[in-house]
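The structure appears below as structure tokens.
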Amino acid sequence: MSTASIIETCTALYEDLNFESVRAWKAQNETRKVIGFMPVYVPREIIHAGGMLPMGVLGGGDQLEVIHGDAYYQSYICRIPRSTIELGLTNRLDFLDGMLFPSICDVIRNLSGMWKLMFPDQYVRYFDVPQNYQDDIGGTYYINELKELRQGLEQVCGNEITDQAIRESIALYNENRNAVREVYRLRAEQPWKVPSSEVYLLMRAGMLLPVEDHNKMLADYLAAAKEEDRPLRDNCRIVVNGSFCEQPPLNLIKSIEMAGCYIVDDDYMLVNRWMLNDVSTEGDPLQNLASSFLHDSADTAAKYCTSDDQVGQFLLDSVRETGAEGVIFAAPSFCDPALLERPMLVDRMAEHNVPHISFKYAENSGQMQPIREQAGTFADSIKLWSET
Amino acid sequence: MNATAAQTEVIKESSMLKQKSMIAANYDALTSTADTGRKVASTFVPGNLNELIMCFDMLNNLPEINAINNGMRKKSGAMIMDAEKRGHSEDVCTYVKADIGLMSKGNMAPNGKPLPPPDLLLLSYTGCFTFMKWFELLRHEYGCETVMLQVPYEGDGKVTKNMRDFVVKQLKQEVIPALERVSGVKFDIDRLREYLKQSAEAEDNLVWVLESAKNVRSPIDAYFGGVYYIGPIFTAFRGTKDAVEYYEILRGEIEQRLQKGQGPITPEGDMAEEKYRLVVEGPPNWTSFRDFWKMFYDDGAVVVASTYTKVGGVYDLGFRHDPDHPIESLADYCLGCYTNRNLPQRVDLLEKYVNEYQADGLLINSIKSCNSFSAGQLLIMREIEKRTGKPGAFIETDLVDPRYFSAANVKNRLESYFQMIDQRRKSKSAA
């Protein structure tokens, strides 16, 4: 199978705002349930272990006309909640049996309550996570939250979600995370072979497909991409940071690459890579999920950093590990976590002489010329004046 | 004659003078730590653990209050622009930027002396995501010790045992040891009990004062006046004898106003006729606070209940600090603050206010800076209109950024709203 045909499938999934693939999955058996989730992280293993499909809800992108959603939000609030409400009110999400709203910011937090009021027949949960990383404090709290989540999901699916089923799901998601990491590793090593627009679509497909199918898709893509013969360009290597919730339009990602930047790392869909290593499949699965969350998970602005010297360290490590020459801080307009944290990250990059630029976008940004110019100038400046 | 000269002299009652002297004394204490050696904890209004801080002989410095102070004194605009020049986004909370800007301008307190750097950042992460990044930013600037108290959000509209246990455990294992370490004072739970006893006493009187607005005509304005009434309990005085005395004096004053059938006191004296009774959701604008208030009392509009006055504790639903369960009580307090409650709970509370305070409607002052309050307010307004049949209105301002207060727009909207209420009344009486 060629990368082109795989990406064609991914593109069709990405562009389908009626989520026909998920509807088709659900229609195969009347007992099937679908649980939607928003960025940045939920333990999909528990949903999967209940025989349900976890489905990432990442807003409406640049192809959805938001009419109803704008009536729910002031102009100074980001776009993802309004397009998500649009999806809900136009019945595009009417097949969902539940929605999880992870702890990421006050807008998504409040959207959980709005969803409860607007869609009272759905199972709706604000999914809180610990910002305290001590096993006996934050860990205990989180394990109990996971137990509550499991109980709630059991009521949706009508089955007991056993420890063994969760262990088996963890194994499948470990496989998924390994494959995702492999795609990222390949892109960092040979970015000309793995365009970021393709990586993005591949990761987005994982938001809709059953994990088993996504695992196969990732394996097929990896095999095909390694065989691809694509020209190496004189691009600089950059990391994109700040795009972990509201997603940029695909054209923005393409524009960055067209402007002369190979994206060698990003934080677009962190749920795929939240756990940095395999979650243990031995013993208590909830404890294992909690332990990985506390001690072995990705960093993002939605998390508390326990010491100042650790702020930005994850990004700096990523720059070093991928051999990046610069960072593009690309955050959605009005994104509290990304924009509040940005000055600290900028300082950290400056301390280590990592070139960086910043801009904002919305999921429906249409004008790419300014982005191309900014990214292009950044790429040129790295090429011309970088000491490395 | 210009507008400033035309303003009549502000009337000061005993409670106001008392509060003023309390605030001045606290700023004097804060700005003299170099001489006294006292340690300073910075923390937030929601989830403010003032009694606990006092147990360690520490002073409480609240950056939100400093920002409000600078907003009311028309100084915050320059501070915010200064922070923006230093790379802080125009999209984020202006309290944060006013605070960062204050630092770059010498951290001057209202008494003209510099505030000391905090010895401890007590990050009470209650009901507001921005708090977490705000104190990370301050830690980045000050390099001081920071202790985090995560207060889980009431996503399902209730406090579970797990949530409460989590907060209690953090208080016992992290917050109290950090306070002991920084202050060098050993924790004494009996001292905490004494403070909490005084807190509860003051809270009883605060609730009585706020609920006096159920009277038609209301002796208080529960928003513009309310922000002064909550001052001591929300800031560095909850648990003190001063706060107990303040609320006794205040209650006495309001009792007298009730007996005399007087309306709220305004900066220009007693309010004349009470024409409109409103419930207000959202914080006030601070940079044009007086002008904003005047738009209400000039038209006979009284705010009879507000949610902003619950942001540092929802006491009118029954919660009191409990000396018999001191740590648990602090946990319950944090968990119950207004912005830690989910949207359906907030709607329920507003509906209750509109009905119990016989309000003509709900006015939302939507604040650009504060997504914790603002995200979802348009749905809140629709729900309240649907449930109560009373009209809602929506205005937009900001906390301390003067660029986002458009007096003409706000006044137009308010006047339209008052006309709408008049029309509803007429059509109701005609029916």
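The values are calculated or read from the model by the stated rules, or taken from the named source; none is laboratory data. Everything numeric in this text was worked out from a predicted model, so none of it was measured. Methodologically, a virtual Cβ is constructed for each residue, glycine included, from the backbone with ideal geometry; neighbour enumeration extends over all protein chains shown. Each accessible area value is taken on the protein alone, full model and side chains, heavy atoms only, with ligands, DNA and RNA left out. Shrake-Rupley method; radii C 1.70, N 1.55, O 1.52, S 1.80 Å.
Listing for the model above:
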read-out: Test: residue in the range A:359-376 that is closer than 30 Å to B:Leu120 by Cα, facing another protein chain (nearest Cβ under 10 Å) and open to solvent by 10 Å² or more (accessible area, probe 1.4 Å); value: no
read-out: Which numbered condition B:Arg193 fails, given (1) open to solvent by 30 Å² or more (accessible area, probe 1.4 Å); (2) within 14 Å of chain A (Cβ to nearest Cβ); (3) under 26 Å from the mean Cα position of the chain (by Cα); value: (2)
read-out: Residue under evaluation A:Val199, criteria (1) more than 14 Å from chain B (Cβ to nearest Cβ); (2) part of a strand (DSSP E or B); (3) of a type in the set (A, V, I, L, M, F, W, C), criterion not met; value: (2)
read-out: Members of the range B:397-431 that are small (Gly, Ala, Ser) and over 25 Å from B:Ser76 (Cα atoms); value: B:Ser416, B:Ser427, B:Ser429, B:Ala430, B:Ala431
read-out: Residue that is least open to solvent (accessible area, probe 1.4 Å), among those in the range B:262-291 that are in contact with a helix residue (DSSP H, G or I) (Cβ under 7 Å, 6 or more places away or on another chain) and part of a helix (DSSP H, G or I); value: B:Phe289
read-out: Scope the range B:95-122; condition assigned to a helix (DSSP H, G or I) and at pLDDT 95 or above; matching residues; value: B:Tyr95, B:Val96, B:Lys97, B:Ala98, B:Asp99, B:Ile100, B:Gly101, B:Leu102
read-out: Meets criteria (modelled with pLDDT of 95 or more and either more than 8 Å from chain A (Cβ to nearest Cβ) or touching a strand residue (DSSP E or B) at 6+ places or on another chain (Cβ under 8 Å) (or both)) for B:Val92; value: no
read-out: Boolean, B:Lys294 is out of contact with any helix residue (DSSP H, G or I) (no Cβ under 9 Å at 6 or more places or on another chain) and either farther than 30 Å from B:Ser329 by Cα or crowded, with 21+ Cβ neighbours inside 10 Å (or both); value: yes
read-out: Any hit, the range A:301-310, residues being part of a strand (DSSP E or B) and either at pLDDT below 95 or among the aliphatic types (A, V, I, L, M) (or both); value: no
read-out: B:Ser366, sole failed condition from (1) open to solvent by less than 10 Å² (accessible area, probe 1.4 Å); (2) touching a Leu at 6+ places or on another chain (Cβ under 7 Å); (3) not in a helix (DSSP H, G or I); value: (2)
read-out: Any hit, the range B:118-135, residues being among the aliphatic types (A, V, I, L, M), free of Cβ contacts under 8 Å to residues at least 60 places away in the same chain and within 8 Å of another protein chain (Cβ to nearest Cβ); value: yes
read-out: Failed item, numbered, when A:Cys236 is tested on (1) surrounded by 19 or more Cβ atoms within 10 Å (Cβ to Cβ); (2) under 28 Å from B:Val147 (Cα atoms); value: (2)
read-out: Residue in the range A:324-337 that is modelled with pLDDT of 95 or more, open to solvent by 40 Å² or more (accessible area, probe 1.4 Å) and over 23 Å from B:Thr94 (Cα atoms) present; value: yes
read-out: The range B:138-153 residues that are more than 9 Å from chain A (Cβ to nearest Cβ) and within 16 Å of A:Val311 (Cβ to Cβ), paired with ones that are part of a loop (DSSP other than H, G, I, E, B) and open to solvent by 30 Å² or more (accessible area, probe 1.4 Å) (beta carbon under 7 Å, 6 or more apart); value: B:Tyr142/B:Pro117; B:Cys144/B:Pro117; B:Cys144/B:Asp119
read-out: Qualifying residue in the range A:269-288 (condition: in a helix (DSSP H, G or I) and in contact with a Leu (Cβ under 7 Å, 6 or more places away or on another chain)); value: yes
read-out: Any hit, the range A:57-71, residues being within 14 Å of another protein chain (Cβ to nearest Cβ), more than 20 Å from the chain's Cα centre (by Cα), open to solvent by 20 Å² or more (accessible area, probe 1.4 Å) and farther than 20 Å from A:Gln247 by Cβ; value: yes
read-out: Matching entry among B:Arg217, B:Arg181, B:Arg164 (being assigned to a helix (DSSP H, G or I), touching a residue at least 12 places away in the same chain (Cβ under 8 Å) and either within 12 Å of chain A (Cβ to nearest Cβ) or farther than 30 Å from A:Tyr142 by Cα (or both)); value: B:Arg164
read-out: Qualifying residue in the range A:273-289 (condition: within 27 Å of B:Val147 (Cα to Cα), touching a residue at least 24 places away in the same chain (Cβ under 8 Å) and touching a Cys at 6+ places or on another chain (Cβ under 7 Å)); value: no
read-out: Which listed residue is within 30 Å of B:Val147 (Cα to Cα) and of a type in the set (S, T, N, Q), from A:Asn159, A:Asn144; value: A:Asn144
read-out: Among (1) closer than 30 Å to B:Thr287 by Cβ; (2) of a type outside the set (Ser, Thr, Tyr); (3) open to solvent by 10 Å² or more (accessible area, probe 1.4 Å); (4) not in a helix (DSSP H, G or I), the one test that B:Leu378 misses; value: (4)
read-out: Criterion: open to solvent by 10 Å² or more (accessible area, probe 1.4 Å) and basic (Lys, Arg) - qualifying residue of B:Arg346, B:Arg341; value: B:Arg341
read-out: When residues of the range B:85-135 are limited to those that are among the small types (Gly, Ala, Ser) and farther than 23 Å from B:Gln150 by Cα, the one surrounded by the most Cβ atoms within 10 Å (Cβ to Cβ); value: B:Ala98
